[in-house]
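Peer 1: Following this message is one structure expressed as structure tokens.
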Amino acid sequence: MSSDTVNPLISAQHLVKRFGSFVAVGGIDVEVQRGESFGFLGPNGAGKSSTMRMIGCVSPVTEGRLRIFGLDPATDGKQIRARIGVVPQADQLDEQLTVEDNMVLYGRYFDIPRKECRRRTNELLEFVQLSDRAKSKIEPLSGGMKRRVTIARSLINEPELLLLDEPTTGLDPQARHVLWDRLYRLKQRGVTLVLTTHYMDEAEQLCDRLVVMDQGKIVAMGSPQDLIHQYSPREVLELRYSAGANEARAGELDGIGHRREVLPDRVLIYADDGEAALAEVHARGSHPESALVRRSSLEDVFLRLTGRSLAD
Amino acid sequence: MSTPAAVRAWESHFTLYRTIWKSNMLGAFLQPLLYLVGMGLGVGALVDRGNDAEQLLDGLTYFQFLAPGLLATTAMMVSTNEAMWPVMGGFKWMRGFHAQAATPLSPGEVAGGLALWHATKASIAVVGVAAVLAMFGETRSFGLLLAVPFGALTGVAFSAPLTAWSATRETDNSFPAINRFIIMPLFLFGGAFYPISQLPDWMEPIAELTPLWHGVELCRGAVHGRLGLGSTLVHVVYLASLALIGWLIARITFARKLAA
Ligand SMILES: Nc1ncnc2c1ncn2[C@@H]1O[C@H](COP(=O)(O)OP(=O)(O)OP(=O)(O)O)[C@@H](O)[C@H]1O
Ligand SMILES: [Mg+2]
């Protein structure tokens, strides 16, 4: 079978990464199909980056079986890396060089001729809307711009698979939406996206399928909608009582909704009908300082699965 | 047409240098010039008045004795600094080595690109010194053409092993100590300023083991046309071995660091 027709694009069986005796990834099974957009969601230290680095063929697999394009990273790392694009968690740009130089030099690592590197650089900078910054050094650019340069750079080898480790962490909402839009376009062009994120809304926006990771393990897998259906009722009622009182007041709410989570700063009530639940709260004479009904999200799924909120 | 991987890795180091080449090259020329005028002419005037100076310096004036050694000491200084903070930066600050390792380049090729760059940087520095020596009648000779590669070789004999070591460090805490306790003593006791026969007897064999001394001997011999075949071979093999072994170990330490 030729590696081009192999499906799935990524397949991992009982994938383990240990650093000394510390288990960063504790045996996960994952399959990503060509053209799919796949997410790893989880809190700090869940093992997302460790997984991405193994898939990116820079970090050796400790145990288990990993295939990318049907190839083995242990023996074919070079060939695999030639066909993927990597957006690492921390930008690795040369701050003293121009945007253009960063792009061209990176293309040279793939043995793409200089002229072709320049052609693609122009195209890609246009794609991430940074053409006017081509001659600017990296240093003075904003975080969002640097992130866009990193994404443009990762596309210089026209990868079939793009690995994005927290592509939008630290960006303001506007910059985040620009990036989401660009990633969505890449997906439409048939690029397979694998990304990690802390953000539920990002996963909901970008992923066809995702896994929720916690402490090196996969705790849930499915489409964002599936997970929400499976682990969280449709709506969430968020109540805020005066500072410190959330815990104490929660007892007044017994029996409302399917389930309740008490967080330090708010009480969450999961219900099929949030407004009805709120009416019931008021009917009991409980008066929170603020109340808000919203659709349940992956954040709620995560809370349900791990008992911890996904605050960043 | 494909370009060797290490050369492609080298391109980014060189491009970075191109952003500072003017000031760097001016420095590479002015520094040795000031040094030679100050030390060579100033101190030389005193030394040459000493009774048996000429005999101790093997028939050379102090300027003639001192100046060629500057090829080797400059290469040493430039190369050691290049093999410390920028290496740390490639792993930890700008993380350029990690960026390279995410591409088809292997860790060994990442290290290879850096080694090539170190050789380039040492050569640039040594050419700067040679240009200054060519301005003075006492050191102007075709031997300078030979002294340049000898100087560059001295440089990589330092940068290669030190690069291998820097790649094992998590912080730059130890770097100033390297300058203070290794490079500075070598600079002072490596035969650049006076013949090592002037050292206490017990120190002399130690000085002969230091790479700097071999580099100084090579450069001085080349400039004044006094190189014997046997001793040249010993010096070159010694320095080349250091460079080669250092580079081989760097390939390993780079692989460890990049493939965690
Ligand atoms: N090179 C390493 N050596 C030792 N431990 C490591 C190494 N890299 C990661 N770890 C540990 O492995 C665990 C998982 O780290 P990883 O970076 O994969 O998490 P993550 O899910 O990406 O977290 P974050 O959201 O903070 O980026 C952490 O506890 C981390 O400290
Ligand atoms: Mg991470």
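The values are calculated or read from the model by the stated rules, or taken from the named source; none is laboratory data. Computed from a predicted model, the values in this text were never measured in an experiment. Glycine gets a Cβ as well: all are built from the backbone with ideal geometry, and neighbour counts include every protein chain shown. Note: accessible area is taken over every heavy atom of the protein model, side chains too, but ligands, DNA and RNA are not part of it. Shrake-Rupley method; radii C 1.70, N 1.55, O 1.52, S 1.80 Å.
Peer 1: Per the helix-only calculation at 222 nm, which mean residue ellipticity applies to chain B, given -39500 (n - 2.57) for every DSSP H run of n ≥ 4 and division by its residues, nearest 500 deg cm²/dmol?
Peer 2: -21500 deg cm²/dmol
Peer 1: Averaged across the residues of A:108-121, what count of C-beta atoms belonging to other chains lies within 10 Å of each residue's C-beta?
Peer 2: Working: counts 11, 15, 4, 9, 1, 3, 2, 0, 0, 0, 0, 0, 0, 0.
Neighbouring Cβ atoms belonging to other protein chains average 3 per residue here.
Peer 1: For the protein assembly as shown, rounded, prolate or oblate, judged on the Cα gyration tensor with a ≥ b ≥ c (square roots of eigenvalues), a/c < 1.5 rounded, else prolate if a/b > b/c?
Peer 2: prolate
Peer 1: Among DSSP bridges having both ends in the protein assembly as shown, what percentage is antiparallel? Round to the nearest 5.
Peer 2: Working: 35 of 53 bridges.
In the protein assembly as shown, approximately 65 percent of DSSP beta bridges are antiparallel ones.
Peer 1: On to the next question. Taking a cut-off of 13 Å between Cα atoms, list the aspartates and glutamates near A:Lys48, but don't count ones fewer than 8 places away on the same chain.
Peer 2: A:Lys48 reaches A:Asp165, A:Glu166, A:Asp214.
Peer 1: Per the Kirkwood formula on distinct C-alpha pairs, the Rh of region A:3-223 is how many angstrom?
Peer 2: Evaluated over region A:3-223, this radius sits at 17.7 Å.
Peer 1: When chain B is modelled as a GNM with alpha-carbon springs shorter than 10 Å, which of B:Met203, B:Met25, B:Met84 fluctuates the most?
Peer 2: Per the Cα network of chain B with a 10 Å cutoff, B:Met203 tops the list.
Peer 1: Apply 1/(1 + (r/R0)^6) to the Cβ-Cβ distance of B:Ile182 and A:Asn7, taking R0 = 51 Å, and write down the FRET efficiency to the nearest 0.05.
Peer 2: Given R0 = 51 Å and the Cβ-Cβ separation, E is 0.35.
Peer 1: Here is a further query. At R0 = 60 Å, how high is the FRET efficiency between A:Arg284 and A:Phe22 if r is their beta carbon distance? Nearest 0.05 is fine.
Peer 2: 0.80
Peer 1: Right, something else. Between region B:14-82 and region B:151-165, what is the C-alpha centre distance in whole Å?
Peer 2: Going from one Cα centre to the other spans 19 Å.
Peer 1: Now a separate question. Count, for each residue of A:93-101, the Cβ atoms from other chains sitting within 10 Å of its Cβ, then give me the mean as a whole number. Before the final figure, lay out each step's value.
Peer 2: Working: counts 4, 10, 4, 5, 7, 2, 0, 0, 6.
So the per-residue partner count for this stretch is 4.
Peer 1: Follow-up. Within 10 Å of each Cβ in B:105-111, how many Cβ atoms from other chains are there, averaged over the peptide?
Peer 2: That average works out to 2.
Peer 1: Also: Starting from the Cα of B:Ser23, step 7 Å along the direction of its Cβ; do the same at B:Lys92; then give the gap between the two resulting points in nm.
Peer 2: The modelled label-to-label distance comes out at 2.4 nm.
Peer 1: Oh, and also: Taking accessible area as the heavy-atom solvent-accessible surface of the protein chains with a 1.4 Å probe, which residues of region B:1-48 lose no less than 10 Å² upon going from the isolated chain to the full protein assembly?
Peer 2: The answer is B:Ser2, B:Thr3, B:Arg8, B:Glu11, B:Ser12, B:Thr15, B:Leu16, B:Thr19 - residues whose exposure falls by at least 10 Å² when every protein chain is included.
Peer 1: Still on this model: How far is the Cα center of region B:83-101 from the Cα center of region B:226-240, in Å?
Peer 2: Value for the Cα centre distance between the two parts: 34 Å.
Peer 1: Hey, another quick one. Just the number, please: carbon plus sulfur as a percent of the accessible area of chain B, 1.4 Å probe, no ligands or DNA/RNA counted.
Peer 2: 69
Peer 1: Which residue fluctuates the most in chain B, going by a Gaussian network model with Cα springs under 10 Å, if the choices are B:Gln55, B:Gln198, B:Gln31?
Peer 2: B:Gln55
Peer 1: Further question on the same structure: Give the percent of DSSP beta bridges with both residues in region A:3-223 that are antiparallel, rounded to the nearest 5. Walk me through the intermediate numbers first.
Peer 2: On the way: 20 of 38 bridges.
Of all bridge pairs located within region A:3-223, approximately 55 percent are antiparallel.
Peer 1: How long are the three semi-axes of the equivalent ellipsoid for chain B, computed from the Cα gyration tensor as the root of 5 times each eigenvalue, in whole Å, largest first?
Peer 2: Working through the eigenvalues yields semi-axes of 35, 19, 16 Å.
Peer 1: Return one whole number: the accessible area per residue of region A:7-107 in Å², for a 1.4 Å probe.
Peer 2: Computed with neighbouring chains in place, this is 34 Å² per residue.
Peer 1: In addition: Run the helix sum for chain A: -39,500 (n - 2.57) per DSSP H stretch of 4+ residues, divided by residue count, reported at 222 nm to the nearest 500 deg cm²/dmol.
Peer 2: Roughly -10000 deg cm²/dmol at 222 nm, from the helical runs in chain A.
Peer 1: Suppose a student asked you for the relative contact order of chain A, using Cα pairs under 8 Å spaced at least 6 residues apart; what percent would you report?
Peer 2: Computed over chain A, the figure is 19 percent.
Peer 1: In addition: Taking the Cα-to-Cβ direction at A:Lys135 and at A:Thr62 and moving 7 Å from each Cα, how far apart do the two end points lie in nm?
Peer 2: That separation, rounded to one decimal, is 5.1 nm.
Peer 1: Evaluate the distance, in nm, between pseudo-label points positioned 7 Å from the Cα of A:Gln215 and of A:Glu126 along their respective Cα→Cβ axes.
Peer 2: So the two model labels end up 5.2 nm from each other.
Peer 1: OK, next. Against the longest principal axis of chain B, how steep is helix B:62-82, in degrees 0 to 90 to the nearest 10, with axes from Cα atoms?
Peer 2: That works out to roughly 10 degrees.
Peer 1: Then there is this: For chain A, modelled as a Gaussian network with Cα springs under 10 Å, which listed residue fluctuates most, A:Arg176, A:Arg185, A:Arg34?
Peer 2: Top of the fluctuation ranking is A:Arg185.
Peer 1: From the cross-link list A:Lys115/B:Lys121; A:Lys78/A:Lys217; A:Lys17/A:Lys217; A:Lys135/B:Lys92; B:Lys22/B:Lys121, which pairs have alpha carbons spaced over 18 Å apart?
Peer 2: Numbers: A:Lys115/B:Lys121 26 Å; A:Lys78/A:Lys217 28 Å; A:Lys17/A:Lys217 11 Å; A:Lys135/B:Lys92 26 Å; B:Lys22/B:Lys121 14 Å.
Listed pairs above 18 Å: A:Lys115/B:Lys121; A:Lys78/A:Lys217; A:Lys135/B:Lys92.
Peer 1: Along the charge dipole of the protein assembly as shown, which of B:Ala131, B:Thr74, A:Trp180 sits closest to the positive end, that is, farthest toward it, with unit charges on the beta carbon of Lys, Arg, Asp and Glu (+1, +1, -1, -1)?
Peer 2: Towards the positive end, the residue furthest out is B:Ala131.
Peer 1: FRET efficiency for A:Asp29 and A:Ser242, Cβ-Cβ distance as r, R0 = 35 Å, nearest 0.05? All intermediate terms of the calculation are to be shown ahead of the outcome.
Peer 2: Details: r = 46 Å, r/R0 = 1.32.
E(calc), rounded to 0.05, equals 0.15.
Peer 1: Can you list the HN-Hα couplings for region B:132-149, worked out from phi with the Karplus curve (6.51, -1.76, 1.60; θ = phi - 60°), rounded to whole Hz and with x for Gly and Pro?
Peer 2: The phi angles translate into 5, 4, 5, 7, 9, x, 5, 10, 6, 6, 5, x, 4, 4, 7, 5, 4, x Hz.
Peer 1: Counting only heavy atoms of the protein chains, get the accessible area per residue of chain B (1.4 Å probe) and round it to a whole Å² value. Before the final figure, lay out each step's value.
Peer 2: On the way: 11670 Å² over 260 residues.
Roughly 45 Å² per residue, with all protein chains present.
Peer 1: B plus A alone minus the pair: what accessible area, both sides summed, probe 1.4 Å, in Å² to 100?
Peer 2: Looking at B and A, the buried total is near 2300 Å².
Peer 1: Using only Cα atoms, locate the centre of region B:190-208 and the centre of region A:262-285, then give the distance between them in Å, rounded to an integer.
Peer 2: Value for the Cα centre distance between the two parts: 85 Å.
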